[in-house]
Each structure stands twice: as structure tokens, then as C-alpha cells.
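Below you'll find the structure, written out as C-alpha cells, and then a few comments.
The values are calculated or read from the model by the stated rules, or taken from the named source; none is laboratory data. Just so we're clear, the structure is a prediction, and the values are computed from it rather than from any experiment. Heads up, the Cβs are rebuilt from the backbone with ideal geometry, glycines too, and the neighbour counts pull from every protein chain shown.
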Amino acid sequence: MTDTVGADRVLVRLVVNGEPASVAFAPNKTLLEVLREDLQLTGTKHGCELGECGACAVLVDGVPVLSCLTLGLACEGKAIRTIEGVANGSQLHPLQAAFADLGGSQCGYCTSGMILTSLALFEHNPQPTRDEIREALSGNICRCTGYQQIVDAVEAAAAILRQQSPVPAVSIRS
């Protein structure tokens, strides 16, 4: 249940990256703004803010959504997963490792949206074809890589997650 906190703020309870959170914000704020400004989770990127680029994609109850088009208020009681919730401590998720190893990101601006959208794909299809990967990522724009490396990385991560190849030991550097 959303509570009103003063005339210009609401209190919303949600689960962010597996942790319960309560956050008060102006009711007209988008989920993107709530994540970045109120919860200090800046891995989700401002892109076009028109729902056309996918840089702001996060998972809401496991479904990719464009956080620039979603009101934070609409996320009451929902589970939000951002790029900050993908790695397991200092151990990169196989998808993150594959993006790094195979050049799936260059400037990195689109990467968080690509990775979260790919995670949602894996939930429904652990063995996607290259065409299914391209279709799943069709709402995510990359201006650097030309998509070949991105599709390669998603395909490699799917194989790793299916235990068809060893998980690379890649750690986040401090």
C-alpha cells in the first residue's frame, strides 16, 4: 500500500535487488529517477527518455520494462532488479563476463539494459537461437558494437548457464 508523505511525496515499498526498500518521492517521478536519484543506483542509464533506446531497462517482477516510461508509484510491492543486482558479490554473472570477454560493450552505455533484457530471455528460453536473441534485444539500441559481439556474448552466456562450457573466473576489481 502506498502512503502519502506530505503533500508532494509518496512512500513506496518495493524489493530492489533482493532487498526490501521503502522510498519517499514525488508521485510523478519515473522508476528511472527513483532508482538513480533516490536509491543511488546509477547503473540504470538515462537514454532517450522516450522508450526508444532500452538503456534504462530493468526487470520488474522478472519482466523487462523501460524505467523511463514507468512511474515509480506503479512499482509498489514489486521486485525490481537493476544491473547492481546481477553479480554475485565480487563474482560477475556469466553474462557480464561474456560481455567483457567478447567485446559486447564498448562505451557501456547500453550494457545494463542489454544484460537485464538477456536475463529475462534466459528465464523463458535457456537455449535461445541467434534470431531469438536478436528479437529479445530489438528494443535495445547500441551505437558502438554493431550487435555481433552482443549476440555472441548472450549466446556464450546461455551456453555457460546451461553448463555446456566452464564458468570463467572473472572478478570485479576494487
Identify all residues within region 67-95 that are within 19 Å of T42 (Cβ to Cβ) and in a strand (DSSP E or B); write none if there are none. I80, R81
Inside region 79-90, the number of residues satisfying the requirement of being of a type outside the set (A, V, I, L, M) and at pLDDT 95 or above is 4
Of everything in region 34-61, what is over 12 Å from I80 (Cα atoms), touching a helix residue (DSSP H, G or I) at 6+ places or on another chain (Cβ under 7 Å) and surrounded by 15 or more Cβ atoms within 10 Å (Cβ to Cβ)? Give them in sequence order. G43, K45, H46, G54, A55, C56
The one condition in (1) outside any helix (DSSP H, G or I); (2) surrounded by 15 or more Cβ atoms within 10 Å (Cβ to Cβ); (3) free of Cβ contacts under 8 Å to residues at least 12 places away in the same chain that P64 fails to fulfil: (3)
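Looking at the structure I just gave you, is L11 outside any strand (DSSP E or B) and touching a strand residue (DSSP E or B) at 6+ places or on another chain (Cβ under 8 Å)?
Numbers: outside any strand (DSSP E or B): no; touching a strand residue (DSSP E or B) at 6+ places or on another chain (Cβ under 8 Å): yes.
The answer is no for L11.
Is there a residue being small (G, A, S), closer than 29 Å to G146 by Cα and not in a helix (DSSP H, G or I) anywhere in region 19-33?
Of the residues in region 19-33, the ones small (G, A, S) are 21-22, 24, 26.
Subset that is closer than 29 Å to G146 by Cα: none.
Within region 19-33, none of the residues are small (G, A, S), closer than 29 Å to G146 by Cα and not in a helix (DSSP H, G or I).
Just to be sure, is G43 of a type in the set (G, A, S), touching a residue at least 60 places away in the same chain (Cβ under 8 Å) and either out of contact with any Pro (no Cβ under 6 Å at 6 or more places or on another chain) or not assigned by TED's automatic domain parsing to the domain that holds H124 (or both)?
yes
Residue check: is T70 of a type outside the set (K, R) and outside the structural domain of V58 (by TED's automatic domain parsing)?
So T70 does not fit the description; no.
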